[in-house]
Each structure stands twice: as structure tokens, then as C-alpha cells.
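Heads up: the structure comes next, in C-alpha cells.
The values are calculated or read from the model by the stated rules, or taken from the named source; none is laboratory data. Keep in mind it's a predicted model, so treat the numbers as computed, not measured. We place every Cβ from the backbone using ideal geometry, glycine too, and count neighbours over all the protein chains shown.
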Amino acid sequence: MLVPFAELLAEADARRSAIGAFTAYNLETAVAVLEAATGRGNTGVMLLVSEQAFTSRAGSALVRALTAVADHSQAACCVQLDHVGGVETIHEAFEAGVGAVMADGSKLTYEGNIELVKSAVRVATRFSGGVEAELGRVEGDEEIATAAAAGKLTDPSTVEAFCAQTGADCLAVSIGNAHGRYVQPPQLDLPRLEQIHVAAPVSLSLHGASGLTDEQVIATVARGIRKVNVNTELRDRYFAVLADRVADYRKGARTLALQEEVIGALAEVVEAKLRLLAVSDAPDIP
């Protein structure tokens, strides 16, 4: 079922867990995510659509398809447009049916970032939607899984004012994480995250989780992360299945059978992430 962005975040905060947010380029991925969520007691999840996917020839149709699949699932779900920098595109996405957007002003000045997010919030309010912002800069390309190092880290001293001025529902943090693949093993600044958590009046989001260890993810959830984005790990598994199995399914052109195997493989990745995000064996940090 489709539920509001803020509702999913509030439920995660009440459980001191994190929502899994998974980028879906097609229905196979969406079905895998929702099946895994349903199998874990209808736990809440998010389906992410990249800006590049949305602005492609079938982007609006993809959003409508994802919302339709989510609406017919027993699991609570919100569809979110990820990392978008234009207000016009934000408006088009809400018209297409997304429940939230990630207004990414991280390449702008601090003041420019605030203005973008405020504009996104004004649009979202008309659609009863949610807005996520980014403070600092998470490097790397969320669309192409190239190697990236840590970007500009989030300054805890700016968090409270930024959230108050923008009205965002969720804040993506930069604490040593990066999109895509990491240049070297990531070193997360957990003390910085603790300071951000104390200062932030909204839920916190972690991008670039595919290259982190389970222990690192658990540590961030214990320190206030309530939404974790996963993309590269799903795409790697998708291509691994194709590389390993496509020759067999080509005999007889068994498209449906190949799709079913892809869905099953992706669901395994999602289920493992949801299990990880639901349980933290690190103590909660106030």
C-alpha cells in the first residue's frame, strides 16, 4: 500500500530502525523489493527513481507503474524521486505520482541549497508529499557505479538552522559515505553523525550504503539514521544473474523464466538489507 513519506520515517524512528530505500529501474526490481518486504511482515520500504530514469523516454510511465505495484502490495511503500535539482522536474514527478522527492542542492551554495529545498517543499505541500534534502556533499554518481571518495562532510553546526529554514522532512548526511563504489574502504565519521543526530529535528538518511559493511550500517542506525539507500548492490546482482544465466534461458527464448530468476535473486539482496536495518546490536545513541 502507498503511505506518506513522513509516516514511514516516523514508524522507523519509533522502532529505532531504518527504512530500506531501493532504486528500481524496472518492475522486476520493484516486485523483488515488495515481495521481500511482504515476507518480513509487511515492513515499510521505499522505491527510488533516479532523476535520469525519470527524465528518460518512459520515466513518467515508470513512476506510474511503480506506484501501481506498490499500491497493490501489502507492504507499506513510498515512491521517491531521488537526487533531483530542478523545481520543474519535481513538479512533474509529483504529478506522475511520487510520494516524495530528494531535492539535491548539494552542488549549490548553502543559501542556494536552502532556496531549492524551500521551493521543493512548496510544491510537495500541494501534493501532500515529502521532501528530503542533502547537507554537505555525498560524492559519486548514483546512476553509474564508478569509484568515489568521501565528499564535503555535513557540518553539525548548520543542521538545525538548515532544517528550520527549509522545512524538509528528512536530511541526507555526508559522513564519509559515497555513491557507487568506494575508492578505498570507507571510514565513517560516527562522532560527526552523533552530533548531527542531536542537532537535527528531522529524520536522517544515509546514501551510498552498498559499499559499507554490515557493522558500519548497524552503527549508523544506532546513531539516528532512519533511511538507508541501496542501489549499486542491486545492480551488481542483476548483472551477475544475467551474465550467469542468460545463455541457458536464451534456449527457447524463456524471457519469463529469466525474469523470475532475476526477481528471486534481487529479493535475496533486499531481504538481507531489511533484516540488517530492522535489528541493531549496537546500543542506541541518544
Quick one: count up the residues across the range 39-82 that are part of a strand (DSSP E or B) and either in contact with a helix residue (DSSP H, G or I) (Cβ under 8 Å, 6 or more places away or on another chain) or hydroxyl-bearing (Ser, Thr, Tyr) (or both). 11
Can you tell me which residue among Thr23, Thr43 is closer than 21 Å to Leu266 by Cα, at pLDDT 95 or above and in contact with a Leu (Cβ under 9 Å, 6 or more places away or on another chain)? Thr23
Scanning for something surrounded by fewer than 19 Cβ atoms within 10 Å (Cβ to Cβ) and in contact with a Lys or Arg (Cβ under 7 Å, 6 or more places away or on another chain), does the range 174-188 turn up at least one residue? no
Could you check the range 95-142 and list, in sequence order, the residues that are under 23 Å from Ala61 (Cβ atoms), of a type in the set (Val, Ile, Thr) and touching a Phe, Trp or Tyr at 6+ places or on another chain (Cβ under 8 Å)? Val101, Val123
Filter the range 109-134 down to residues that are in a loop (DSSP other than H, G, I, E, B) and loosely packed, with under 14 Cβ neighbours inside 10 Å and give me whichever is modelled with the lowest pLDDT. Thr109
Within the range 29-66, residues surrounded by fewer than 21 Cβ atoms within 10 Å (Cβ to Cβ), under 24 Å from Ala172 (Cα atoms) and among the β-branched types (Val, Ile, Thr) come out as Thr55
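Quick check on Ala6: is it among the aliphatic types (A, V, I, L, M) and farther than 14 Å from Ala100 by Cβ? Reasoning before the result, please.
Numbers: among the aliphatic types (A, V, I, L, M): yes; farther than 14 Å from Ala100 by Cβ: no.
In short, no.
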Has the range 53-73 got at least one residue that is in contact with a Phe, Trp or Tyr (Cβ under 7 Å, 6 or more places away or on another chain) and within 15 Å of Ile263 (Cβ to Cβ)? no
